[in-house]
Amino acid sequence: MFETRLESWVNEMYAAKGITAVEDLSIEGMCEVFDIHIVPTKYRSKAVYEDDCAIIFLKENMPIEYRRKDFFHELGHIFQHVGDQRDIPFGLKRLQEEQVFWFSLYASMPEPLIRQYDNIHEASRAFELPILIVKDRLQQLRRKDMQVQSYVSNQKKSRRTSYDPDKWTSETWRIMNKLKKQTGQEVIDYESLL
């Protein structure tokens, strides 16, 4: 209910592919599952892909945390975009980068797995990602939790006030009494008011 479409899509895709543990998120494992080839490069990371072939040129000589960050970023381009980013307007490129940012958070740290960690440093070590990226994901999940709590609280308040006969209008009473006559049964649930 509180997942974005993108997060739901990533979670469903992972479930279909049997990606259920942190160990399944290794670069090698992900490449095997999704039939992606890795080519080390001394230049910046990038993805090249067509319908039946995907290659990620992954910058070497970086700590594993940053290679994994780059990998999930480029994976986002493979799954979400078409065409060559060099040939698109700046605004569209910015949009794609924003989309890939969120994809990389969801894909590199799926919610069911990241929630197993309370400590940002432990999560960073387990997922082999930079602390700042893990912090972004944990902050996003905290905002999501607050949204859920607010929704639940508002739903409880709404239920308490919407079925309060003391606050009904005369029209509501007229309709409820008419319904009682038609059904021959009490229609006001006095027990739920207690």
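The values are calculated or read from the model by the stated rules, or taken from the named source; none is laboratory data. Predicted, not measured: the structure shown is a model, and the values here were computed from it. Here Cβ is always computed from backbone atoms with ideal geometry, including for glycine, and neighbour counts include all displayed protein chains.
Data overview
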item	result
Per-region count, segment 21-36, residues surrounded by fewer than 14 Cβ atoms within 10 Å (Cβ to Cβ) and more than 15 Å from R68 (Cβ to Cβ)	3
Check on V39, farther than 21 Å from Q99 by Cβ and surrounded by 14 or more Cβ atoms within 10 Å (Cβ to Cβ)	no
Any hit, segment 114-133, residues being of a type in the set (F, W, Y), closer than 19 Å to V39 by Cα and outside any helix (DSSP H, G or I)	no
Test set (1) of a type in the set (V, I, T); (2) without any contact (Cβ under 8 Å) to a residue 24 or more places away in the chain; (3) farther than 29 Å from L75 by Cα - V148 fails condition number	(2)
Hits in segment 93-121 (condition: surrounded by fewer than 22 Cβ atoms within 10 Å (Cβ to Cβ), within 10 Å of R137 (Cα to Cα) and among the aromatic types (F, W, Y))	W102
Of the criteria (1) at pLDDT 90 or above; (2) over 21 Å from K93 (Cα atoms); (3) touching a helix residue (DSSP H, G or I) at 6+ places or on another chain (Cβ under 7 Å), which one I38 fails	(1)
